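Structure, as structure tokens:
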Amino acid sequence: MLALAVLTEALAVTSCYVARRGAAGTGRDGERGAPASSATHAARMGTAYLVMLAVMSFNGGVLLATVAGHALGFLLVRSRVHPGGGATAPYGSKA
């Protein structure tokens, strides 16, 4: 469960990055990015729903593993603490 939550955080950043690159292109370049953007969004939503279903099992250990996984994923891919993290703006920001 921890790894799935980390993957969800990583896919959130990847989805934003792919969407931004697709939006930067105009005409045919923008159309080429649509399948990649759709695929990363679908993968992110799939993992997010799997995490949600696991948390809804009302198992305390699963809840703790999920929260720890999201925290670890945030640390690795979104925060500026990790050398590779923070390369892209967090989901929803306008940077």
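The values are calculated or read from the model by the stated rules, or taken from the named source; none is laboratory data. What you see is a predicted model, and the numbers here were worked out from it, not measured in a lab. Here Cβ is always computed from backbone atoms with ideal geometry, including for glycine, and neighbour counts include all displayed protein chains.
A few points about this structure:
- Every residue from segment 38-86 that is closer than 16 Å to THR14 by Cα, surrounded by 12 or more Cβ atoms within 10 Å (Cβ to Cβ), more than 12 Å from the chain's Cα centre (by Cα) and at pLDDT below 85: SER79, GLY85, GLY86
- Matching residues, segment 11-33, being modelled with pLDDT under 80 and either in a helix (DSSP H, G or I) or within 25 Å of PHE74 (Cβ to Cβ) (or both): ALA19, ARG20, ARG21, GLY22, ALA23, ALA24, ARG28, ASP29, GLY30, GLU31, ARG32, GLY33
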